[in-house]
2 protein chains.
Amino acid sequence: MQKVFAMTFDPSTLTYNDAGLIPAIAQDATSGEVLMMAWMNAEAVAKTLETGRVTYWSRSRQSFWIKGESSGHVQELVDFRVDCDRDCLLVTVNQTGAACHTNRRTCFYTAVRQGDEVELMKPME
Amino acid sequence: MQKVFAMTFDPSTLTYNDAGLIPAIAQDATSGEVLMMAWMNAEAVAKTLETGRVTYWSRSRQSFWIKGESSGHVQELVDFRVDCDRDCLLVTVNQTGAACHTNRRTCFYTAVRQGDEVELMKPME
(Lines give C-alpha, C1' and ligand atoms only; values in the text may rest on other atoms or scores of the structure.)
Protein backbone atom coordinates (compact mmCIF):
# COMPACT_ATOMS: atom_id res chain seq x y z
CA MET A 1 0.00 0.00 0.00
CA GLN A 2 1.46 3.33 -1.05
CA LYS A 3 0.96 6.05 1.54
CA VAL A 4 -0.13 9.43 0.17
CA PHE A 5 0.92 12.25 2.45
CA ALA A 6 3.60 14.89 2.73
CA MET A 7 6.25 13.48 5.06
CA THR A 8 7.81 16.06 7.37
CA PHE A 9 9.84 13.42 9.22
CA ASP A 10 13.36 13.38 7.81
CA PRO A 11 15.25 10.05 8.07
CA SER A 12 18.55 11.95 7.94
CA THR A 13 17.80 13.34 11.44
CA LEU A 14 18.38 9.87 12.91
CA THR A 15 21.78 8.84 14.24
CA TYR A 16 23.46 6.14 12.18
CA ASN A 17 26.63 4.20 12.94
CA ASP A 18 29.84 4.47 10.95
CA ALA A 19 28.37 2.14 8.34
CA GLY A 20 25.33 4.40 7.96
CA LEU A 21 23.04 1.94 9.75
CA ILE A 22 20.59 2.06 12.65
CA PRO A 23 19.29 -1.00 14.54
CA ALA A 24 15.57 -1.72 14.13
CA ILE A 25 13.70 -3.99 16.53
CA ALA A 26 10.59 -5.69 15.14
CA GLN A 27 7.79 -6.45 17.59
CA ASP A 28 4.56 -8.31 16.88
CA ALA A 29 1.83 -5.67 17.13
CA THR A 30 -0.69 -8.13 18.53
CA SER A 31 1.24 -10.44 20.86
CA GLY A 32 4.00 -8.01 21.86
CA GLU A 33 6.59 -10.69 21.09
CA VAL A 34 9.99 -9.33 20.06
CA LEU A 35 10.58 -11.00 16.71
CA MET A 36 14.00 -9.90 15.45
CA MET A 37 16.54 -7.12 15.22
CA ALA A 38 18.04 -6.02 11.91
CA TRP A 39 19.50 -2.86 10.42
CA MET A 40 18.21 -0.02 8.26
CA ASN A 41 19.94 2.78 6.44
CA ALA A 42 18.22 6.12 5.82
CA GLU A 43 16.79 4.93 2.54
CA ALA A 44 15.41 1.74 4.12
CA VAL A 45 13.74 3.92 6.77
CA ALA A 46 12.14 6.01 4.04
CA LYS A 47 11.04 2.94 2.07
CA THR A 48 9.53 1.36 5.19
CA LEU A 49 7.49 4.48 5.91
CA GLU A 50 6.49 5.05 2.29
CA THR A 51 5.48 1.50 1.47
CA GLY A 52 4.24 0.17 4.82
CA ARG A 53 6.39 -2.91 4.19
CA VAL A 54 9.30 -3.22 6.60
CA THR A 55 12.54 -2.91 4.63
CA TYR A 56 15.99 -3.51 6.13
CA TRP A 57 19.50 -3.18 4.78
CA SER A 58 21.20 -6.55 4.46
CA ARG A 59 24.78 -6.23 5.68
CA SER A 60 25.75 -9.60 4.21
CA ARG A 61 24.24 -8.92 0.78
CA GLN A 62 24.79 -5.13 0.87
CA SER A 63 21.34 -4.56 -0.56
CA PHE A 64 17.82 -3.65 0.48
CA TRP A 65 15.98 -6.46 2.16
CA ILE A 66 12.22 -6.15 1.84
CA LYS A 67 11.34 -8.56 4.61
CA GLY A 68 9.42 -11.52 3.22
CA GLU A 69 10.07 -10.67 -0.43
CA SER A 70 11.45 -14.15 -1.08
CA SER A 71 9.98 -16.11 1.88
CA GLY A 72 6.52 -14.55 1.89
CA HIS A 73 7.03 -13.82 5.59
CA VAL A 74 6.28 -10.14 5.21
CA GLN A 75 6.10 -7.53 7.94
CA GLU A 76 3.30 -5.04 7.51
CA LEU A 77 4.18 -1.85 9.37
CA VAL A 78 1.76 -0.96 12.15
CA ASP A 79 3.73 1.68 14.04
CA PHE A 80 7.18 3.21 13.65
CA ARG A 81 9.01 4.46 16.76
CA VAL A 82 12.26 6.29 17.38
CA ASP A 83 14.10 6.14 20.71
CA CYS A 84 15.21 9.05 22.89
CA ASP A 85 18.72 9.11 21.42
CA ARG A 86 17.38 8.70 17.86
CA ASP A 87 19.85 5.84 17.38
CA CYS A 88 17.45 2.87 17.59
CA LEU A 89 14.10 2.09 15.97
CA LEU A 90 11.15 -0.03 17.03
CA VAL A 91 8.70 -1.18 14.39
CA THR A 92 5.51 -2.89 15.44
CA VAL A 93 4.34 -5.20 12.70
CA ASN A 94 1.79 -7.68 11.50
CA GLN A 95 4.08 -10.65 10.88
CA THR A 96 3.09 -13.25 8.33
CA GLY A 97 4.54 -16.65 9.28
CA ALA A 98 7.98 -16.94 10.80
CA ALA A 99 10.15 -13.88 11.39
CA CYS A 100 13.29 -16.01 11.76
CA HIS A 101 15.19 -17.58 8.87
CA THR A 102 15.15 -20.85 10.90
CA ASN A 103 11.36 -20.81 10.39
CA ARG A 104 10.67 -20.03 14.01
CA ARG A 105 8.22 -17.30 14.91
CA THR A 106 10.95 -15.25 16.62
CA CYS A 107 14.74 -15.15 16.37
CA PHE A 108 14.98 -15.13 20.19
CA TYR A 109 14.20 -18.80 20.71
CA THR A 110 17.20 -19.61 22.87
CA ALA A 111 17.19 -18.79 26.59
CA VAL A 112 20.00 -19.02 29.10
CA ARG A 113 18.53 -20.44 32.30
CA GLN A 114 20.51 -21.61 35.33
CA GLY A 115 23.56 -21.18 33.16
CA ASP A 116 22.43 -23.49 30.38
CA GLU A 117 21.08 -22.79 26.92
CA VAL A 118 17.48 -23.90 26.45
CA GLU A 119 15.64 -24.03 23.10
CA LEU A 120 12.21 -22.52 23.65
CA MET A 121 10.52 -23.41 20.38
CA LYS A 122 10.85 -25.60 17.31
CA PRO A 123 10.61 -24.44 13.70
CA MET A 124 7.04 -23.96 12.44
CA GLU A 125 5.54 -26.73 10.30
CA MET B 1 20.73 -11.87 44.37
CA GLN B 2 23.79 -13.95 43.64
CA LYS B 3 23.05 -17.03 41.59
CA VAL B 4 24.70 -20.25 42.73
CA PHE B 5 25.14 -22.67 39.87
CA ALA B 6 27.82 -23.83 37.48
CA MET B 7 27.33 -21.85 34.29
CA THR B 8 27.98 -23.85 31.13
CA PHE B 9 26.90 -20.96 28.89
CA ASP B 10 30.01 -19.14 27.68
CA PRO B 11 29.56 -15.42 26.84
CA SER B 12 32.55 -15.63 24.50
CA THR B 13 30.45 -17.77 22.12
CA LEU B 14 28.33 -14.72 21.26
CA THR B 15 29.16 -12.54 18.26
CA TYR B 16 30.35 -9.07 19.19
CA ASN B 17 30.98 -6.10 16.92
CA ASP B 18 34.40 -4.57 16.28
CA ALA B 19 34.12 -2.71 19.59
CA GLY B 20 33.46 -5.98 21.44
CA LEU B 21 29.79 -5.13 22.00
CA ILE B 22 26.45 -6.82 21.38
CA PRO B 23 23.08 -5.03 21.35
CA ALA B 24 20.69 -5.96 24.16
CA ILE B 25 16.97 -5.20 23.97
CA ALA B 26 15.16 -4.84 27.30
CA GLN B 27 11.50 -5.83 27.39
CA ASP B 28 9.11 -5.50 30.32
CA ALA B 29 8.40 -9.06 31.44
CA THR B 30 4.84 -8.25 32.44
CA SER B 31 3.53 -5.77 29.86
CA GLY B 32 5.69 -6.88 26.93
CA GLU B 33 6.62 -3.24 26.29
CA VAL B 34 10.02 -2.76 24.65
CA LEU B 35 11.82 -0.44 27.06
CA MET B 36 15.25 0.33 25.61
CA MET B 37 18.21 -0.96 23.67
CA ALA B 38 21.75 -0.71 24.98
CA TRP B 39 25.02 -2.58 24.61
CA MET B 40 26.85 -5.28 26.54
CA ASN B 41 30.35 -6.66 26.31
CA ALA B 42 31.15 -10.26 27.29
CA GLU B 43 31.82 -9.27 30.88
CA ALA B 44 28.54 -7.34 31.15
CA VAL B 45 26.76 -10.46 29.84
CA ALA B 46 28.43 -12.53 32.57
CA LYS B 47 27.64 -9.96 35.27
CA THR B 48 24.00 -9.78 34.19
CA LEU B 49 23.65 -13.55 34.41
CA GLU B 50 25.57 -13.86 37.66
CA THR B 51 23.90 -11.03 39.54
CA GLY B 52 20.39 -11.00 38.06
CA ARG B 53 20.78 -7.22 37.69
CA VAL B 54 20.93 -6.09 34.07
CA THR B 55 24.34 -4.58 33.40
CA TYR B 56 25.29 -2.81 30.18
CA TRP B 57 28.50 -1.31 28.88
CA SER B 58 28.28 2.47 28.61
CA ARG B 59 29.90 3.53 25.34
CA SER B 60 29.96 7.19 26.40
CA ARG B 61 31.50 6.53 29.81
CA GLN B 62 33.47 3.43 28.73
CA SER B 63 32.49 1.65 31.93
CA PHE B 64 30.00 -0.89 33.25
CA TRP B 65 26.52 0.48 33.67
CA ILE B 66 24.52 -1.40 36.26
CA LYS B 67 21.13 -0.14 35.17
CA GLY B 68 19.52 1.88 37.96
CA GLU B 69 22.64 2.05 40.11
CA SER B 70 22.40 5.84 40.32
CA SER B 71 18.73 6.38 39.38
CA GLY B 72 17.22 3.49 41.33
CA HIS B 73 15.49 2.41 38.12
CA VAL B 74 16.89 -1.10 38.24
CA GLN B 75 16.16 -3.93 35.87
CA GLU B 76 15.78 -7.30 37.56
CA LEU B 77 16.54 -10.03 35.05
CA VAL B 78 13.63 -12.37 34.37
CA ASP B 79 14.82 -14.16 31.24
CA PHE B 80 17.91 -13.91 29.04
CA ARG B 81 17.61 -14.75 25.35
CA VAL B 82 20.04 -15.04 22.47
CA ASP B 83 19.00 -14.68 18.84
CA CYS B 84 19.56 -17.13 15.99
CA ASP B 85 22.75 -15.39 14.82
CA ARG B 86 24.01 -14.98 18.40
CA ASP B 87 24.61 -11.30 17.67
CA CYS B 88 21.67 -9.78 19.56
CA LEU B 89 20.26 -10.29 23.07
CA LEU B 90 16.80 -9.90 24.54
CA VAL B 91 16.45 -9.50 28.29
CA THR B 92 13.00 -9.59 29.84
CA VAL B 93 13.02 -7.60 33.05
CA ASN B 94 11.11 -6.33 36.02
CA GLN B 95 11.63 -2.60 35.52
CA THR B 96 11.51 -0.29 38.51
CA GLY B 97 10.31 3.18 37.45
CA ALA B 98 11.36 4.68 34.17
CA ALA B 99 13.69 2.83 31.80
CA CYS B 100 14.49 6.03 29.89
CA HIS B 101 16.84 8.76 31.09
CA THR B 102 14.09 11.26 30.18
CA ASN B 103 12.05 9.64 32.98
CA ARG B 104 9.65 8.04 30.59
CA ARG B 105 8.72 4.40 31.00
CA THR B 106 10.24 3.48 27.61
CA CYS B 107 12.81 5.11 25.36
CA PHE B 108 10.53 4.53 22.35
CA TYR B 109 8.06 7.32 23.12
CA THR B 110 8.21 8.99 19.69
CA ALA B 111 6.17 7.62 16.79
CA VAL B 112 6.23 8.62 13.15
CA ARG B 113 2.63 8.68 11.94
CA GLN B 114 1.39 10.05 8.62
CA GLY B 115 4.89 11.39 8.19
CA ASP B 116 4.96 13.42 11.41
CA GLU B 117 6.65 12.80 14.74
CA VAL B 118 4.18 12.28 17.59
CA GLU B 119 5.14 12.17 21.29
CA LEU B 120 3.30 9.23 22.82
CA MET B 121 3.95 9.85 26.50
CA LYS B 122 5.17 12.45 28.96
CA PRO B 123 7.85 11.95 31.62
CA MET B 124 6.65 10.16 34.75
CA GLU B 125 5.83 12.31 37.80
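Numbers for the structure displayed
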{"read-out": "Under Karplus coefficients 6.51, -1.76 and 1.60, residue-wise ³J(HN,Hα) of segment B:21-27 in Hz, glycine/proline x", "value": "10, 10, x, 10, 8, 9, 10"}
{"read-out": "7 Å along Cα→Cβ, label-point gaps from A:E76 to other copies, nm, shortest first", "value": "3.9"}
{"read-out": "Virtual spin-label span in nm between B:R59 and A:R113, 7 Å along Cα→Cβ", "value": "3.3 nm"}
{"read-out": "Global geometry of segment B:21-125, whether rounded, prolate or oblate, following the gyration tensor of its Cα atoms and the 1.5 cut on a/c", "value": "prolate"}
{"read-out": "Percent antiparallel among DSSP beta bridges (both partners in chain B, rounded to 5)", "value": "80 percent"}
{"read-out": "With every protein chain in place, chain A: carbon and sulfur % of accessible area (1.4 Å)", "value": "49 percent"}
{"read-out": "Area hidden from solvent between B and A (accessible, protein heavy atoms only, 1.4 Å, total, Å²)", "value": "3100 Å²"}
{"read-out": "Label spacing, shortest first and in nm, from B:F64 to its equivalents in the remaining copies (7 angstrom along Cα→Cβ)", "value": "4.5"}
{"read-out": "At most 10 other Cβ within 10 Å, DSSP loop - chymotrypsin sites (Phe, Trp or Tyr not before Pro), segment A:46-125", "value": "none"}
{"read-out": "Inter-copy label distances at A:T51 (7 Å, Cα→Cβ; nm, one decimal)", "value": "4.4"}
{"read-out": "Overall Cα dimensions of the protein assembly as shown - principal axes, largest extent first, Å", "value": "57, 47, 33"}
{"read-out": "The protein assembly as shown: calculated mean residue ellipticity at 222 nm from DSSP helix runs of at least 4, using -39500 (n - 2.57)", "value": "-2500 deg cm²/dmol"}
{"read-out": "Rough spin-label spacing in nm, given labels placed 7 Å along Cα→Cβ, for B:M124 and A:S70", "value": "4.4 nm"}
{"read-out": "Residue and distance (whole Å) for the chain A Cβ nearest the axis that superposes A on B", "value": "A:G32, 2"}
{"read-out": "Volume of the Cα convex hull of segment B:67-125, divided per residue and given in Å³", "value": "118 Å³"}
{"read-out": "Angle between chain B longest axis and helix B:42-51 axis [Cα atoms, degrees, rounded to 10]", "value": "90 degrees"}
{"read-out": "Protection-proxy order for peptides A:30-41, B:66-77, each taking the mean of Cβ atoms within 10 Å per residue, highest first", "value": "A:30-41, B:66-77"}
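The values are calculated or read from the model by the stated rules, or taken from the named source; none is laboratory data. Computed from a predicted structure; not experimentally measured. Quick reminder, even Gly has a Cβ in these numbers, built from the backbone with ideal geometry, and neighbours come from all protein chains shown. The accessibility values were calculated without ligands, DNA or RNA, using every heavy atom of the protein model including side chains. Shrake-Rupley method; radii C 1.70, N 1.55, O 1.52, S 1.80 Å.
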